[in-house]
Protein chains: 2
Amino acid sequence: MTGPDQPRRADARRNVEGIRRAALDVFRSSGLTTPLDEVARAAGVSKGTIYHRFGSRRGLIDAVVDELVAERIQGIIAVVGELGDPLARFEEYLLRMWLLQYDEPAANDVLIRALPESEPLLNLCEKAQEFAFGLLRAAQEAGVIRTDLTPDDVNYLILERGAIVRACGQQSRDDYRRRLRFLLDGLRQGRQI
Amino acid sequence: MTGPDQPRRADARRNVEGIRRAALDVFRSSGLTTPLDEVARAAGVSKGTIYHRFGSRRGLIDAVVDELVAERIQGIIAVVGELGDPLARFEEYLLRMWLLQYDEPAANDVLIRALPESEPLLNLCEKAQEFAFGLLRAAQEAGVIRTDLTPDDVNYLILERGAIVRACGQQSRDDYRRRLRFLLDGLRQGRQI
DNA sequence: TAGGTTCTTGACCATGGAGTCAACTTTTCT
DNA sequence: AGAAAAGTTGACTCCATGGTCAAGAACCTA
């Protein structure tokens, strides 16, 4: 987790950095399951180097996932934390998570656990989850979100989006967002059945 | 499309039927992308026989998809056609399609087009689509479904489910169904914003 | 700049699935 | 029964991907 496992030689340090950058690029545009050969090509090194430096695909992911996703999730928690209204908090959280999932396909690999477990990631997911559960409870107590929506449901609402984005990625961001509104509306309290 | 391309020898006819049955079984439980070796094993023949008889994976799928999915979709259209209320028609159609997607993973491969295009299937999908669009229009004209829901949106609502089922298949049918209710509620007209 | 050390390479192994085909087996017809 | 036609087999090729490692290249230090 900390620092001084840097390689000794200058070329090696250069390579590590290059691989990190390339991985960010490639993962961002094609998800965390992209063949490592592609990352290698983008970084101008051989696949062997990646394995030598990062041990495995998972090692590489661990090395970039923070910059790729973790910071964004923390950002969402921070921004939503500033809001006052319970409904706005709940909806804004979901909306921002869903948009993150659209903007960063890699986020889905993380949330959906399509990849080897990584401790920091699990922690992050749990933290986000707890945060979401808090928002849900508050919104339900304020009477603005339907009470038959469970924490599990909220989890699913987010996981689902991941699957959707991967499978129906061709939809425009605007359409995607517009459809999210339908979803949110279905979660509110006080509808005429 | 028609009939008399049956093999001449009795053993061959027997095999064709056995492969069809095995394919139905295997595709039903593991989706249309299951390795053909598995189908072959289940049918007690060699993979070569499948290729010889059906030409390709796609040929095999074409040969079983009717029994697997097409009839069910036609059934849904028929049942929903009997209903009177526009809202009930629209919601029942979506609900039944969504449940079909849960019950038959293979339906998702069809709807999501994860497989080589097949004419009869394309026709079926289009027919179902037209039917759904009609239901939508009627429901909107009756003022029971929100007017900012487009036919494209309806398509997505169905395609999405396919992706979801594949990715989050572990949820129980009851939970799955309960969550569909949230979704439907978000599509109704006349909510308090 | 020599020589030891650190790094990188790319050929190599393994896995798993799609699809093919020459050799073999079974059925059918007379 | 015997031979020709029809059918089946499974080993084979091809391709993609994950991952390894001995040999050679690049770097750093004295």
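A short reminder: the numbers here are calculations on the coordinates, not readings from a lab. Quick caveat: nothing in here was measured; it's all calculated off a predicted structure. In this analysis, Cβ positions are derived from the backbone assuming ideal geometry, glycine residues included, and neighbour counts consider all displayed protein chains.
The alpha carbon gyration tensor of the protein assembly as shown gives principal lengths a ≥ b ≥ c with a/c of 1.5 or higher and a/b no greater than b/c, which makes the shape oblate. Dipole magnitude for the protein assembly as shown: computed about the Cα centre from +1 point charges on Lys and Arg Cβ and -1 point charges on Asp and Glu Cβ, it is near 860 debye. Reported to the nearest whole Å, the Cα centre-to-centre distance from the stretch B:8-27 to the stretch B:116-154 is 36. Other protein chain C-beta atoms within 10 Å of residue C-beta, averaged over A:180-187: 6. Where chain B is rotated onto chain A, the residue of B whose Cβ comes nearest the axis, and that gap in whole Å, is B:Gly186, 1. Around the Cα centre of the stretch A:1-55, unit charges on the Cβ atoms of Lys, Arg, Asp and Glu (plus for the first two, minus for the last two) sum to a dipole of about 180 debye. For the stretch A:138-193, the equivalent ellipsoid derived from the Cα gyration tensor has semi-axes of 25, 14, 8 Å, listed largest first. Calculated FRET efficiency, A:Arg41 and A:Ser172, Cβ-Cβ r, R0 35 Å, to nearest 0.05? With a Förster radius of 35 Å, E is 0.70. Scanning chain A for long hydrophobic helices, with DSSP H runs required to stretch 24 angstrom or more by C-alpha along their axis and to average at least -0.5 on the Kyte-Doolittle scale, returns A:86-103, A:119-141, A:151-167. Each other copy holds its own label point for B:Gly81; taking that point as 7 Å from Cα along Cα to Cβ, the gaps run 5.8 nm, nearest first.
Is the C-alpha gyration tensor of the stretch B:66-187 telling us rounded, prolate or oblate? Criteria: a/c under 1.5 is rounded; beyond that, a/b larger than b/c is prolate, otherwise oblate. Could the numbers behind the result be given before it?
Numbers: a/c = 1.67, a/b = 1.23, b/c = 1.35.
Oblate shape, in that a/c is at least 1.5 and b/c is the bigger or equal ratio.
Estimated at 0.36 nm per residue, the fully extended path between B:Thr33 and B:Gln6 surpasses their Cα-Cα distance by 7.2 nm.
When each of the peptides B:85-96, B:123-134 is scored by how many other beta carbons lie within 10 Å of its residues on average, the order from highest to lowest is B:85-96, B:123-134.
Mean partner shielding of peptide B:157-167, defined as the number of other chain Cβ atoms within 10 Å of each residue Cβ, is 5. Dividing the convex hull volume of the alpha carbon atoms of the stretch B:7-55 by its residue count gives 61 Å³ per residue.
Peptide A:56-67 has a mean of 0 when you count, residue by residue, the C-beta atoms of other protein chains within 10 Å of its C-beta.
Between copies, B:Gly169 shows label-point distances of 2.2 nm, shortest first, with the point placed 7 angstrom from Cα along Cα to C-beta. Fully extending the segment from A:Thr150 to A:Tyr51, taken as 0.36 nm per residue of separation minus the present Cα-Cα distance, adds 31.4 nm.
If only the Cβ of Lys and Arg carry +1 and only the Cβ of Asp and Glu carry -1, the dipole of the stretch B:1-130 around its Cα centre is close to 780 debye. For B:Arg188, the residues 5 or more places off, or on other chains, whose built amide H falls under 5 Å of its own are B:Arg146. Once the Cβ-Cβ distance of A:Glu82 and A:Ala138 is raised to the sixth power relative to R0 = 25 Å, the FRET efficiency obtained is 0.95.
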